[in-house]
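Chemist: Input: one structure, supplied below.
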Amino acid sequence: MSIDRRTVVKAIAMGGALMGASVLMPRIALAAWSKEAFEAKEQTAAMKALFGSDGLEESAEVNLKAPDIAENGAVVPVTVTSSMSGVESMSIFIEGNPSPLAAEFMIPVGTKADVSTRVRMGKTTKVTAVVKANGKLYSAAKEVKVTIGGCGG
């Protein structure tokens with residue numbers, strides 16, 4: 001099988017077009033983020049910017065898994081799960097951080113509501129998971145003790 005010059009040129013052009021399109025993908029993915037919520041300095045302000053309200057209802061159906069003691073505040077594992085139906089989003093707030101909104105995850109319809117990440121914590125503080133399901137806000141919270149700071153501590 002021999003490859004002629006025309007086939008090689010087409011392959012290079014197609015590869016360039018795909019690489020060019022991939023540059024635009026991050027812009028599409030980040031289009032829905034709430035700049036105001038992520039830049040808020042207080043947790044209540046971040047919640048109001050993200051949800052329009054800071055009124056939360058504690059729920060046993062929101063499960064927040066985080067360590068009781070984090071030996072290194074730079075990498076604290078946090079997992080949020082929920083057995084509720086109609087989950088739209090899951091958010092993680094770290095009350096004592098300079099920017100309390102640590103993460104927001106949009107949950108597509110029909111997807112299992114289960115997210116895990118690692119967050120930075122500057123000091124011992126409360127971690128709050130907020131689940132938006134069927135237009136209502138549900139939460140679970142836990143205090144995590146940090147022995148070595150991760151946000152400049």
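The values are calculated or read from the model by the stated rules, or taken from the named source; none is laboratory data. This structure is a prediction, so every number in the text was calculated from the model and none was measured. Using ideal geometry, Cβ is built from the backbone for each residue, glycine included, and neighbour counts are taken over all protein chains shown. Please note that ligands, DNA and RNA were not included when accessible areas were found on the heavy atoms of the full protein model with its side chains. Shrake-Rupley method; radii C 1.70, N 1.55, O 1.52, S 1.80 Å.
Chemist: Just for the stretch 1-60: of the residues that are of a type in the set (Asp, Glu) and at pLDDT 80 or above, which one is nearest to Val80 (Cα to Cα)?
Modeler: Glu58
Chemist: Please go through the stretch 63-84 and give me each residue that is of a type in the set (Val, Ile, Thr) and open to solvent by 40 Å² or more (accessible area, probe 1.4 Å), ordered by number.
Modeler: Passing the criteria: Ile69, Val75.
Chemist: Do we have any residue at all in the stretch 142-151 that's within 23 Å of Ala45 (Cα to Cα), open to solvent by 40 Å² or more (accessible area, probe 1.4 Å) and touching an Asp or Glu at 6+ places or on another chain (Cβ under 7 Å)?
Modeler: no
Condition check ((1) of a type in the set (Ser, Thr, Tyr); (2) farther than 20 Å from Ala37 by Cα) across all residues:
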| site | (1), (2) |
| --- | --- |
| Val62 | no, yes |
| Phe93 | no, no |
| Val115 | no, no |
| Arg118 | no, no |
| Ser139 | yes, no |
| Glu143 | no, yes |
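Chemist: Report yes if some residue within the stretch 118-135 is open to solvent by 60 Å² or more (accessible area, probe 1.4 Å), among the small types (Gly, Ala, Ser) and over 18 Å from Lys41 (Cβ atoms); otherwise report no.
Modeler: no
Chemist: Then there's this: Could you tell me which residue of the stretch 85-114 is farthest from Thr147 (Cα to Cα), considering only residues that are among the aliphatic types (A, V, I, L, M) and surrounded by fewer than 20 Cβ atoms within 10 Å (Cβ to Cβ)?
Modeler: Among them, the one singled out is Val109.
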